[in-house]
Amino acid sequence: MEQRRVGRSGLEVSRLGLGTMTWGRDTDADEAAAQLEAFIGAGGTLIDTANIYGDGDAESILGTLIPDVVPRSSVVLATTTVGARGRGRLISALDASLRRLGTDTVDLWLVHGFDAAVPFEETCSALQAAVDSGRSAYAGVSGHTGWQLATEAAHLRATGMPLVAVEAEYSLVARGPEDSILPAAATFGMGLLAWAPLGRGVLTGKYRHGTPADSRGASTHFEQYVGHHRTAAAARIVEAVATAADGLGTSPLAVACAWVRDRPGVASAIIGARDAAQLLGGLAAEEVTLPAEIRRALDDVSGPGA
């Protein structure tokens, strides 16, 4: 699998990343191990997790699989802290993640969210402390608007420690990052880690004619998450993706993932799966390159005013 630099930094990641949002809830440790082995076997390196996935169980499962199933040197480990505010709480949350992960350091630590009630300098101070102390090799943020991202990136760049990554939802049904996040990231030399490149599962086409009983859309804890993109506008995009997939002899999943993966500024598209079989379907996108005319058609049907 192709490896890419994250922005202008020295951090390299696979252009498809493995998301772990389902781990510890819908995906048990054995199935997680199968996913991890399949992903590494396909040449993937970026593993994306967070302190809230499975209430911390996703990190704990990763901590049992690395290095027992795959060596630590074969993965780029990224974790996000969600819900902590202020320098002390952020560092404490990172330390808790490191304990669950069974490691002294991660390759990338991201802080989620921008709280106007807390001076942004505190968040920047925590990010810098994490890198200076060796807890993380690089730092980034998620859940930020373009101006919030630029504010923190400018502050940290002045101290000599750049932010290298921003994580945001980005897909054919969620093109918001193009408005301000991607331009801000480009200005400050940051790469985008795109989560939900499959539109929370909607772009796979599985919901075209209903809600499969075994899908996330049918589960109580993911019903609203998936439902966010089950709109009339999204349905038109899904049909266009399905038509493109038929023409290319591949799956809608591969087409949707390839579109995000190759957008300007994207370092990696993070795919999540319930099991290894689903993951292998996502990894098939690695073999797909969208022709220019199909890319233009998808841009048109999903763009502003479509």
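The values are calculated or read from the model by the stated rules, or taken from the named source; none is laboratory data. A quick note: this is a predicted structure, and the numbers were derived from the prediction, not measured. Every residue, glycine as well, gets a Cβ built from its backbone with ideal geometry; the counts of neighbours run over all protein chains shown.
Here are the numbers for the structure shown:
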read-out	value
Long-range neighbours under 6 Å by Cβ, at least six apart or interchain, first residue at positive phi and surrounded by fewer than 21 Cβ atoms within 10 Å (Cβ to Cβ) within region 257-283, second part of a strand (DSSP E or B) and hydrophobic (A, V, I, L, M, F, W, C)	265/192
Out of 82, 75, sole residue that is of a type in the set (Val, Ile, Thr), buried (at least 18 other Cβ atoms within 10 Å of the Cβ) and at pLDDT 95 or above	75
Residue in region 61-76 that is in contact (Cβ under 8 Å) with a residue 12 or more places away in the chain, of a type in the set (S, T, N, Q) and closer than 23 Å to residue 6 by Cα present	yes
Residue in region 86-99 that is in a loop (DSSP other than H, G, I, E, B), touching a strand residue (DSSP E or B) at 6+ places or on another chain (Cβ under 8 Å) and either of a type in the set (Ser, Thr, Tyr) or without any contact (Cβ under 8 Å) to a residue 40 or more places away in the chain (or both) present	no
In region 158-211, the residues that are under 18 Å from the mean Cα position of the chain (by Cα) and among the aromatic types (Phe, Trp, Tyr)	170, 195
Residue in region 273-287 that is nearest to residue 2 (Cα to Cα), counting only those that are acidic (Asp, Glu) and at pLDDT 90 or above	286
Members of region 248-306 found to be part of a helix (DSSP H, G or I), β-branched (Val, Ile, Thr) and farther than 19 Å from residue 182 by Cα, listed by number	255, 294, 301
Test: residue in region 56-79 that is assigned to a helix (DSSP H, G or I), closer than 20 Å to residue 128 by Cα and over 16 Å from the mean Cα position of the chain (by Cα)	no
